[in-house]
Amino acid sequence: MNKIVVVIFIIMGIVSSITFGQSIKNTVHNLSVSGPGTVKAESETEICIFCHTPHNSRPVAPLWNREDPGTNYTLYNSSTIQATPGQPDGSSILCLSCHDGTIALGSVISRTQDIVMSGGVTTMPPGETNLGTDLSDDHPISFTYDQNLSSADPELVDPATLNGPVYLENDRLQCTSCHDPHKDLYGKFLVATNRSSDLCLYCHQKNGWSQSSHSVSTAQWNGAGSDPWYHTDYTTVSDNACENCHNPHNASGHEFLVNQVAEEDNCLVCHNGNVASKNIESQLSKPYRHDVYKYSQVHDPQESAVSQVRHVECTDCHNPHQAQNRSSNPPDVSGSIQGVKGVDSNGNPVDPVRYQYEICYRCHADSPDKPGSPYTRQIQQTNVRLEFDPNNPSFHPIEAPGQNTNVPSLISPLTESSIIYCTDCHASDGSNSPAGPHGSNYQQLLKYRYETADYTKESYQAYELCYQCHDRNKIINSSMSRYCKDVHRKHIVGEDAPCATCHDPHGISSNQGNSTNNTHLINFNLDIVSPNSKGELKFVDRGYQSGACYLRCHGKEHRPKKY
């Protein structure tokens, strides 16, 4: 019998503890003198009176004991929002009667005099709980959340499925959809834990999120630099999840509720080697880079696939909701760049991209503000989509295998059937650098050194970029191909003429070149080559390993020079 009694008392103790733990008495919403917080009354012992009164309340449920702030609030807005937030109403305006900081905390309808708060406090003290009257930096409230909205934004769940702790108030999302003012089981009076963004995911189902790195990574901050998660207590990327980048209240970047105003700062606080394994920030200090610091508030998720105004931000190439650590084979997109929009080989917008080059084509193809050419070519072309067209007389194999079926210099495993990535040439330099064209010490954001100045002395280092795919020995020494040996050795070794003198590394558009004059990526650099005394400037392909040049170079006439 004694054991039974003990068990009963233990159970009663547990139940009492649970009930006690869920009571408003133990939360900072207990503003009475017995409250556990620093903001509380000087002597008032009643707890509920700060919000409710049984008699003579405002005609607003639930027996509301505070006045309406009567404020016109600045509302949240962004280019991606499908909802139409209105001025706060329902329970939200009740919450704001304290949390906008305009009405004294002790000002209640049932008392003729304000309840005196300790320490001389009157209104909500400055800090994260004082939202002010500018709600543009807070999650939108007081909008209708119905099937029309979830149909307009497929990444919002159907409200009919909201059968958990998140609920709607008369089909409208209000403060109480996420916060329970009487219970503080999960911190910040949330109705559910937001570890791994559990609370966010009740409404938001972003495409690809469940497998993304920001959802599953267990990486932690190494303690160097700034704390990337200054507004949460979570310690891993997966625990912070959405809050790696977003802050539902008092966000510094109002539009999209991001933690930092500067777009790149939301990424680089982790991608500086202090959380993510690779240091992207260091790459962006190199002399040649995709300079995300140069632009602010130009990129927009709703912008055209074809970039109309030159800019670059991290999210032009990366979708933080879908990016993951997954490799791929050319030309397919890798996991780090999946889920973004781009332009296909025909110039049409695609969303999401299927191939890596479609991302590059956003800015480097049909964009009216695309970068110019670094050289003066005989045939000038800055649209890389046209340069890589598989119908061209010659091109590097970005979209499809090249036209030349006999390239003896290729280094295994490359063959004439291979396809390569743009980032095989354009990427961060250095042996331990992160993948992708973030920053380089070499012009044109090249991964390896590639000299283009006339009279460059040939060496492996001078043309390291070319020699990643083309065997240097076969290019300048091997007797297996007299054509290769005679032509290349004579020019790049004997004449100190750089590869770029004759070869255009991207390709020659079929709209401008032809298969007689522009095979083998021949497109002369006019800074080095000029017409001969007859006014001729051309290469003529005469079949297998045979050709002729009509030009003047290094003071020597080619009228023609046959190979």
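Taking every DSSP helix (H) stretch of at least 4 residues in the chain, weighting each as -39,500 (n - 2.57) and dividing the sum by the residue count yields a mean residue ellipticity at 222 nm of -3500 deg cm²/dmol.
In the frame of its principal axes, the chain has Cα extents of 106, 59, 43 Å, reported largest first.
In summary, the aspartates and glutamates within cross-link reach of LYS561, defined as a Cα separation below 17 angstrom excluding same-chain residues under 8 places away, comprise ASP486, GLU495, GLU536, ASP541.
When only alpha carbons are used to place a centre, the stretch 489-563 and the stretch 157-171 end up 69 Å from one another.
May I ask for the net charge around GLY90, where only other residues with Cβ less than 11 Å from the Cβ of GLY90 are counted and Lys, Arg are +1 while Asp, Glu are -1? Spell out each step's value before the answer.
Numbers: positive: ARG172; negative: ASP89, GLU169, ASP171.
Summing Lys/Arg as +1 and Asp/Glu as -1 gives -2.
Let me spell out the model: positive unit charges on the Cβ of Lys and Arg, negative unit charges on the Cβ of Asp and Glu, origin at the Cα centre of the stretch 22-192. What dipole size does that give, in debye rounded to 20? Kindly include the intermediate steps, with their values, before the conclusion.
On the way: 8 positive and 20 negative charges, 113 e Å.
The calculation lands at about 540 debye.
Compute the long axis of helix 2-21 from its Cα atoms, compare it with the longest principal axis of the Cα atoms of the chain, and write down the angle in degrees, 0 to 90, nearest 10. Approximately 70 degrees, to the nearest ten.
Classify the stretch 322-424: rounded, prolate or oblate, from the alpha-carbon gyration tensor (a ≥ b ≥ c, eigenvalue square roots; a/c under 1.5 rounded; otherwise prolate if a/b is larger than b/c)? Don't jump to the answer; show the numbers that get you there.
Details: a/c = 2.04, a/b = 1.09, b/c = 1.87.
In terms of gyration-tensor shape, oblate.
Of the cross-linked pairs LYS294/LYS341; LYS370/LYS538; LYS341/LYS370; LYS457/LYS538; LYS206/LYS278, those separated by over 19 Å at the C-alpha level are LYS294/LYS341; LYS370/LYS538; LYS457/LYS538; LYS206/LYS278.
Restricted to Cα atoms, the stretch 216-346 shows a radius of gyration and a Dmax of 15.3, 48 angstrom.
What does the extension gain come out to for GLU42 and ALA160, with contour length at 0.36 nm per residue minus their alpha carbon separation? Don't jump to the answer; show the numbers that get you there.
Working: separation 118, 0.36 × 118 = 42.48 nm, distance 4.58 nm.
Stretched fully, the GLU42-ALA160 segment lengthens by 37.9 nm.
When only the Cβ of Lys, Arg, Asp and Glu is charged (+1, +1, -1, -1), the dipole of the chain relative to its Cα centre reaches about 2360 debye. Of interest is the spacing of the C-alpha centroids, which for the stretch 58-78 and the stretch 234-277 amounts to 31 Å. Charge tally for ILE528 (other residues, Cβ to Cβ under 14 Å; Lys, Arg +1; Asp, Glu -1): -3. Could you tell me how far the Cα centroid of the stretch 178-211 sits from the Cα centroid of the stretch 309-356, in Å? The stretch 309-356 and the stretch 178-211 have Cα centres separated by 29 Å. The calculated Kirkwood hydrodynamic radius for the stretch 233-301 is 13.2 Å, given to one decimal from all distinct C-alpha pairs.
Of THR129, THR27, THR84, how do they rank once you tally other Cβ atoms within 10 Å and put the fewest first? Write out the running numbers ahead of the final one.
Working: THR129 15, THR27 20, THR84 12.
So the ranking, lowest neighbour count to highest, is THR84, THR129, THR27.
Tell me whether the stretch 50-154 comes out rounded, prolate or oblate; compute the Cα gyration tensor, take square roots of the eigenvalues as a ≥ b ≥ c, and use a/c under 1.5 as the rounded threshold. Write down the numbers at each step before the final one.
Numbers: a/c = 3.48, a/b = 1.77, b/c = 1.97.
Since a/c reaches 1.5 but b/c is at least a/b, the shape of the stretch 50-154 is classed as oblate.
Are there any chymotrypsin sites (Phe, Trp or Tyr not before Pro) in the stretch 424-475 that are in a DSSP loop and have at most 11 other Cβ atoms within 10 Å? List them by number. Working shown, then result.
Numbers: sites: TYR442, TYR448, TYR450, TYR455, TYR460, TYR463, TYR467; in loops: TYR442, TYR448, TYR450, TYR455, TYR460, TYR463.
Loop-located and lightly packed - TYR455, TYR460.
Computed extension length for GLU303-HIS249: 16.8 nm, one decimal, from 0.36 nm per residue of separation with the Cα-Cα distance subtracted. Between GLN545 and THR144, the simple spin-label model (points 7 angstrom out along Cα→Cβ) gives 7.7 nm. Measuring r between the beta carbons of ASP89 and ASN329 and using R0 = 51 Å, the FRET efficiency lands at 0.40. Would you mind estimating how fast the stretch 133-224 diffuses translationally, via Stokes-Einstein at 4 °C and 1.567 mPa s with the Kirkwood radius over Cα pairs, in µm²/s? For the chosen part, D equals 87 µm²/s. Grouping the Cα pair distances of the stretch 378-563 into 10 Å bins from zero gives a pair-distance distribution of 9, 34, 41, 13, 1, 0 percent in increasing distance order.
Over the stretch 209-294, calculate the relative contact order: mean separation of alpha carbon pairs under 8 Å at least 6 apart, over the residue count, as a percent. Provide the component values of the computation, followed by the final result.
Working: 107 pairs, mean separation 18.4, N = 86.
Contact order relative to length: 21 percent.
Amide H contacts for THR236 (H built 1.01 Å from N in the peptide plane; partners 5 or more residues away or on another chain; cut-off under 5 Å): none found. For the chain, the residue among VAL312, PRO505, SER546 whose Cα projects farthest onto the positive side of the dipole built from Cβ charges is SER546.
Rounded to whole numbers, the Karplus 3J(HN,Hα) couplings from phi for the stretch 462-471 are 5, 10, 4, 4, 5, 7, 6, 10, 10, 5 Hz, using 6.51 cos²θ - 1.76 cosθ + 1.60 with θ = phi - 60°, and x at Gly and Pro.
Note: relative contact order over the chain, using C-alpha pairs below 8 Å and six or more positions apart, is 8 percent.
Can you pull the percent of Cα pairs in the stretch 178-291 with separation above 25 Å? Don't skip to the answer; put the middle values down first.
Numbers: 1648 of 6441 pairs.
Pairs farther apart than 25 Å: 26 percent.
Take each peptide in 553-560, 347-354, count the other Cβ atoms within 10 Å of every residue, and average; sorted highest first, the result is 347-354, 553-560.
Values in this text are rule-based calculations from the coordinates and carry no lab data. These numbers come from a predicted model, not from an experiment. All Cβ positions, glycine included, derive from the backbone under ideal geometry; neighbour counts span all protein chains shown.
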